[in-house]
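Chemist: Below you'll find the structure I mean.
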Amino acid sequence: MAWLSVSFLTDAVSAEPFCDALLENGALSASIEDADAGTADEKPQFGEPGSVTTPGWDRSRIVALFETDAAVDAMLAAAAAAAGLSAPTEYTAETIEEQNWVQLTQSQFDPIRVSDRLWIVPSWHESPDPTAINLILDPGMAFGTGSHPTTRLCLEWLERTVRPGDSVLDYGCGSGILAIAAGKLGASDVAGVDIDPQAVAAAIANAERNAVAARFSDSGQALAGEYDVVVANILSNPLRVLAPAICAHVRRGGRLALSGILREQAAEIIDVYAPWIALQVADTREDWICLAGVRS
């Protein structure tokens, strides 16, 4: 079986309505890409809520999938008319053969070496080092597969910090990777909390897969207790708002690490947390930092 992939250029304003109209006029799928991706003019679209004020790309590329015998010219014209736009004067088309998409997706994810003794290993891979601490974690809908710099920063900090018998709270647990790592590093009491019910479900499943005893809960439930170690890998805006709540779970003498923070945001986060914990830059990777401190 095969499909026809059709792509053409448009602008940021037209891209989304054109995609919607394509789907309503027979396209099997439609997506928007940066037409300048991979060049010096590439325009990343990421950031905290509110930080991207003009979403989309001035030079957008729409990629639509059709049946191989589709009347593409007529369908593009119909979609353009429905969206109140001009039909593209030029487009490219190529045949896409059927593939084993599961196998293709899996091939993109290899084991990640965090340190000499800590690896993140997708379930379909053999561990490169069976004697290491291996976190079995598959890419999923919840944030935290170990590939992002902030996750790596937190994992490295936990490896340096967690002592046998520690209690650990993963605040904003996502996939549960940090809580699971803490359990495998010797923590005896491990908990995680997240605002996203899908993340909580993923964390529970991942902990079971790794044979780690950990409690995960939705942020709508009351969270009590103080911990020896608290780690929060979320964005700077929620870190600001949640400072009193996060610090309330760090026991006296306990340690806190925060990530999801860009270099230029460090000073402000340090000031916000100063009434409870004196934070310092513990480590950096690319444009991201990890802040850490001890509650006196």
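The values are calculated or read from the model by the stated rules, or taken from the named source; none is laboratory data. Since this is a predicted model, take the numbers as computed values, not measurements. Because the Cβ atoms are built from the backbone with ideal geometry, glycine has one as well, and the counts that use them run over all protein chains shown. When the accessible area is computed, the model is the full protein with side chains, heavy atoms only, and any ligands, DNA or RNA have been set aside. Shrake-Rupley method; radii C 1.70, N 1.55, O 1.52, S 1.80 Å.
Chemist: Just to be sure I follow: if Rg is taken over the C-alpha atoms of the stretch 115-257 and Rh is the Kirkwood radius over the same atoms, what is Rg/Rh? Write down the numbers at each step before the final one.
Modeler: Details: Rg = 14.0 Å, Rh = 14.9 Å.
That ratio is 0.94, to two decimals.
Chemist: Can you work out the base-10 log of I(q)/I(0) for the chain at q = 0.12 1/Å, using the Debye formula on its C-alpha atoms alone?
Modeler: -0.88
Chemist: Here is a further query. Restricting things to Cα coordinates, could you compute the convex hull volume per residue of the stretch 142-195 in Å³?
Modeler: Dividing the Cα hull volume of the stretch 142-195 by its residue count gives 60 Å³.
Chemist: Okay, next question. Using alpha-carbon pairs under 8 Å, 6+ residues apart, how would you state the relative contact order of the chain in percent?
Modeler: Values: 588 pairs, mean separation 37.3, N = 296.
Averaging sequence separation for qualifying contacts and normalising by length gives 13 percent for the chain.
Chemist: Sort largest first and round to whole Å: the equivalent ellipsoid semi-axes of the stretch 175-296, each the square root of five times a Cα gyration tensor eigenvalue. Kindly include the intermediate steps, with their values, before the conclusion.
Modeler: Values: eigenvalues 113, 49, 41 Å².
Over the Cα atoms of the stretch 175-296, the semi-axes work out to 24, 16, 14 Å.
Chemist: Report in % the part of the accessible area of the chain that belongs to carbon and sulfur, leaving out ligands and nucleic acids; probe 1.4 Å.
Modeler: Working: 7840 of 14940 Å².
The nonpolar share, carbon plus sulfur, comes to 52 percent.
Chemist: Subtract the Cα-Cα distance of ARG209 and THR95 from 0.36 nm times their separation in residues, and report this length gain in nm to one decimal. Provide the component values of the computation, followed by the final result.
Modeler: On the way: separation 114, 0.36 × 114 = 41.04 nm, distance 3.96 nm.
Going from the current span to full extension adds 37.1 nm.
Chemist: I've got another one for you. For the residue pair ARG117 and ASN237, what label-to-label distance in nm results when each label sits 7 Å from Cα along the Cα-to-beta-carbon direction?
Modeler: For the pair ARG117/ASN237, the computed spacing is 4.0 nm.
Chemist: May I have the pair-distance distribution P(r) for the stretch 174-225, computed from all Cα-Cα distances with 10 Å bins from 0 and rounded to whole percent?
Modeler: In whole percents, the pair-distance histogram is 30, 55, 15.
Chemist: At a probe radius of 1.4 Å, what is the per-residue accessible area of GLU97, in Å² to the nearest 10?
Modeler: 110
Chemist: Okay, next question. Can you say what percent of the DSSP beta bridges in the stretch 194-296, counting only those with both residues inside, are antiparallel? Round to 5.
Modeler: Working: 11 of 18 bridges.
Here the antiparallel bridges make up roughly 60 percent for the stretch 194-296.
Chemist: Using 7 Å Cα-to-Cβ label points, what is the ASP69/SER217 separation (nm, one decimal)?
Modeler: 6.0
Chemist: Another one. Taking a probe of 1.4 angstrom, what is the accessible area of SER188 in Å², to the nearest 10?
Modeler: Counting only protein heavy atoms, SER188 exposes about 90 Å² to solvent.
Chemist: Helix-only mean residue ellipticity at 222 nm, the chain, DSSP H runs n ≥ 4 weighted -39,500 (n - 2.57), per residue, nearest 500. What is it? Before the final figure, lay out each step's value.
Modeler: Numbers: 9 runs with 85 residues, N = 296.
The per-residue figure over the chain is -8500 deg cm²/dmol.
Chemist: A further question follows. Among SER60, ALA232, ILE120, flag the residue with its Cα farthest along the positive direction of the charge dipole of the chain, charges on Cβ as +1 for Lys/Arg and -1 for Asp/Glu.
Modeler: The one lying farthest along the dipole's positive direction is ALA232.
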